[in-house]
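The values are calculated or read from the model by the stated rules, or taken from the named source; none is laboratory data. Bear in mind the structure is a predicted one, so any value in this text is a computation, not a measurement. All Cβ positions, glycine included, derive from the backbone under ideal geometry; neighbour counts span all protein chains shown. Calculation scope for accessible area: heavy atoms of the full protein, side chains included, ligands and nucleic acids excluded. Shrake-Rupley method; radii C 1.70, N 1.55, O 1.52, S 1.80 Å.
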Amino acid sequence: MKKIFLIVAVLLGCAYLLLPTVDSYQREGELNLPPLQATVKVLRDEAGIPYVYAQSLDDALVAQGFLHAQERTFQLELYKYLAHGRLAEFIGEGGLGNDRLIRLLDISGFAQDQLAHISAEERNYLQRYLDGVNAFIEGRKDEYPLMFSVMGHTPVTWTLEDILAIQYFRIWSSSVNWRQELLTLQLIDKFGAQRAHQLRPLTINPDDPATENDYVVDALAALELSFDDSLVSPFQARYAMGSNAWASDAKKSANGSPILSNDPHLDARHLPGFWYPMGIITPQLRAVGTASPGGPGLGVGRNADVAWGATNGYSDMVDLYIEKIDPANPGNYLQGERSIPFVKRTEELLIRDRDAEGGYRKEAMQIRVTARGAIISDHGMSLVEGKVLSMRWSVPEYAGPDSGNRELLIAKSVDEALTAIGKTTTPLNYIVVDTAGNVARAASGVVPIRSTGNGLVPLQATDIDNWVGRIPPEHMPLQLNPAKGWVGSANHRVTTAKYPYEYSTHFAGSWRYRRLMELFEKPVVSADDHWAFNLDIKNSLAERMLPAIVSAFNQQPELKPLADELVNWDLMDERDAAAPLIFQAVLRHFALQTFSDDMDEPLLSAYLKQSYYWQERVLRWYEQNSSPWFDDKRTARLEARDDIIVRAGHAALAELREDWGDDMPSWKWGEAHTVTFFHPFIPGKDAARWIGGGEHAMSGSGETLMRGVYMFDQPYEAKIIDSVRIIIDMADSEKVMAHFPGGVSERWFDSHNKNFLDSWLSGEKRYWWFSDKAIAKHAESELLLQP
């Protein structure tokens, strides 16, 4: 890595002398694009955002693929290697965790199989985009980004399997519930089913007070599960952490038409950002929004009639099963009384290694597969002898011929959008609105109907299939035109207490959604109000915990200064304030002090890193001031909640004094809670100063609407952030309000590499244009793509 950094430093110096010609590409004039049927015009505004004028959607998709490849070539290649489980071949050792898991799932094999089953319309939709990508890959080699020269990498022609693999990789990366099952197994192994049951997740839908979901932790014999990080991919977390999305209906919106807001929460620290904004204009369609390169259409956006956004819905589409090896024939597994041979396949992984012959070393994976799926416990795990764990994913079983993406792009009403969402296999909560005034929150995904089990605990495999189909789209959670005048999702539970299916046991805590409920008490809201909601930093979890903390600290002379800071706090996680830093430190140490006597370090770390598993449950104990888990088994006395609060206070005080000194009023949340923007090719704070966006103090937290999530074991650096903030007022025919932490172009020396970053950091409104008049007014360059 140091060698690469030195090479890049030299190139940076040379490039400075050659600007603006180095690492550039054609933005103006004319160029030939053979897959087109007619001329396409691309206007770029002052921010570099392209607006594609085409005579057909087919040609617009060709242009979109070409532009993605032209301005995000490295990102496209990265996603392709990620999706096929070849990341280590691209970046080296750091990609192995991803590759092992993806090869177990056989996403490449599924993409190949599914290609035969997609509809003609879906195939054309993907093919036109692919034609544009390949027009750049094959025909504009002199415009490849400079970083490929540094890497020694040359792209090859893409295939439809590549596009489908990226699509399925993203679906998979939103499916995180299976890790919760592994954690539950560990808890059962440690404590037995009865005590593990006390630790089960608590999920609450604030719209239904009856939801106090007591999931069952099945009684299982100890499996002695242990595992390393062989199947842990840091890249999956980029997609998995959540989002906010909401909309006000026509009556509640100031201009008389619905207003939609969306801010997907991802690991978006990698410049130029996850999203690529653009406009698409044809005689039949006018749309503006953003999507991640690697597929056609818009993930978030609007057309003339409909607008849409989405959050992770956390519906459970993955189950683990405990399989029994046939003791008489270890090459088989038992399914009831039947002995069935494992299906076996070998996967060869290449790992980029400059010291190896040919630049790569090899690793072979021997994979065993049952009727339910691949055996994951053969790879970095161990169980009691005679038992193995298999993984089953619903998408290969229930994916249909259409993804819904094309249908959503051209939808003309909420009803049409809901039909499109019903075809979508990604586990999302969509927010959709239309110009008729309708608003809806609709869940997508292919969630199995479970005849037994709830997805929290692996099931013993039997000869009876517990999946008896998928939840029909019309039975998925839906909120349509509610009387309150708005809909929203903050990754919280959206099912009611009477929902008839086992939907999920994994949701975010309810505090972000509860904050939305407070904000929407305002009778009428404007687009500016929605923007302010996006930037809201009130910590509603702290509001509930603070009274007990202040009371306990006031009884301790050494902790009273902390109480004084907290009692005067306005609950805003402001970067220049001391109180948010104090609260976060106390919260972390409260969790550590509660469980450190019961769990060894590996289990404690695994448990606390899954905040959605424990936070709502521990808050319930906290507010009830009652739980046997507060007692420290290492002492003779019986500890209660306030004892743990005091311990947490002393630990937090010692930590903060060591890191920030004795002058408590000078402590600042933003000095600890920072976010660093860098290029994925060379991550880290040092490189960020040269080819990145630097390190910045950040307001907000994991508990606020303006999200800044840090990992529990890596306090307090923000990793999961608002990857884009977008407000769409259906009454505004000129523009949408939006910004994101990056820019359109990934080229290191391009002025549009990070030109939205300052606005994102400050909260400044920026605009993406919708009307022809606005686009023309702000156009700074024109490129004609000729067939």
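A few notes on this one:
- Bins of 10 Å from zero: percent of alpha-carbon pairs in region 265-405: 9, 22, 22, 23, 17, 6, 1
- For region 374-441, applying the loop criterion from DSSP together with a ceiling of 13 other beta carbons within 10 Å to the GluC sites (Glu not before Pro) yields 385.
- Karplus-derived 3J(HN,Hα), 6.51/-1.76/1.60, for each residue of region 304-321, Hz, glycine and proline x: 5, 10, 9, 10, 8, x, 7, 10, 5, x, 6, 5, 8, 10, 9, 10, 9, 10
- log10 of Debye I(q)/I(0), alpha-carbon scatterers only, for region 40-88 at 0.24, 0.30 Å⁻¹: -0.86, -1.05
- Taking amide H positions as modeled 1.01 Å from N, with prolines and chain starts lacking one, the residues under 5 Å from residue 387 and 5 or more places away or on another chain are 325.
- Calculated mean residue ellipticity, 222 nm, the chain: -10500 deg cm²/dmol, from DSSP H runs (n ≥ 4) at -39500 (n - 2.57) each, averaged per residue and rounded to 500.
- The H on the amide N of residue 535, modeled in the peptide plane, is under 5 Å from the matching H of no residue at least 5 residues off or on a different chain.
- Centre separation in Å (Cα based) which lies between region 25-85 and region 629-673: 53 Å
- Computed across region 487-554, the Kirkwood radius stands at 14.5 Å (inverse of mean 1/r, all Cα pairs).
- Applying the Karplus relation 6.51 cos²θ - 1.76 cosθ + 1.60 with θ = phi - 60° to region 630-647 yields 3J(HN,Hα) values of 6, 6, 8, 5, 7, 10, 7, 8, 9, 7, 10, 3, 5, 5, 5, 4, 5, 4 Hz, where x marks Gly and Pro.
- Three-way shape label, region 664-787, alpha-carbon gyration tensor, a/c 1.5: oblate
- Surface per residue (accessible, 1.4 Å probe) for region 742-787, Å²: 42 Å²
- Gyration tensor (alpha-carbon) shape descriptor, region 498-606, a/c threshold 1.5: oblate
- Stokes-Einstein D for region 363-442, Kirkwood Rh over Cα pairs, 25 °C, 0.890 mPa s (µm²/s): 154 µm²/s
- Three-way shape label, region 56-139, alpha-carbon gyration tensor, a/c 1.5: oblate
- Above-threshold pairs, the threshold being 27 Å between Cα atoms, out of 423/773; 251/735; 484/538; 141/754; 252/423; 633/668: 423/773; 252/423; 633/668
- In whole percents, the pair-distance distribution calculated for region 553-680 from its alpha-carbon pairs, binned every 5 Å from zero, is 2, 10, 17, 20, 20, 15, 10, 3, 1, 1, 0.
- Descending Cα extents along the principal axes, region 650-699, whole Å: 41, 17, 15
- For region 246-347, the orientation-averaged shadow of the C-alpha convex hull comes to 13.5 nm² (one quarter of the hull surface).
- Accessible surface area normalised per residue over region 431-580 is 37 Å², counting heavy atoms of protein chains with a 1.4 Å rolling probe.
- Across region 545-615, Cα-Cα pairs farther apart than 17 Å form 51% of the total.
- Low-density loop positions, trypsin sites (Lys or Arg not before Pro), region 637-666 - DSSP coil, at most 16 other Cβ in 10 Å: 637
- Mean shadow area of region 579-631 over all directions, Cα convex hull, nm²: 3.9 nm²
- Region 70-124 - percent of accessible surface contributed by carbon and sulfur, probe 1.4 Å: 44 percent
- ³J(HN,Hα), Karplus 6.51/-1.76/1.60, whole Hz, each residue of region 510-521, x for Gly, Pro: 8, 5, 5, 5, 5, 5, 4, 4, 4, 5, 7, 5
- Residues whose amide H falls under 5 Å from that of residue 292, counting only those 5 or more places apart or on a different chain, are 276, 299, with hydrogens built in the peptide plane.
- Solvent-accessible area per residue, Å², over region 605-733 with all protein chains present [probe radius 1.4 Å]: 38 Å²
- Computed over the Cα atoms of region 135-217, the ratio of the radius of gyration to the Kirkwood radius (Rg/Rh) comes to 1.33.
- Here is the tail figure for region 379-495: Cα pairs spaced more than 23 Å apart come to 43 percent of all pairs.
- Rg and Dmax of region 607-686, Cα atoms only, in Å: 18.0, 54
- Cα-derived Rg over Rh, computed across the chain with Rh taken as Kirkwood radius: 0.96
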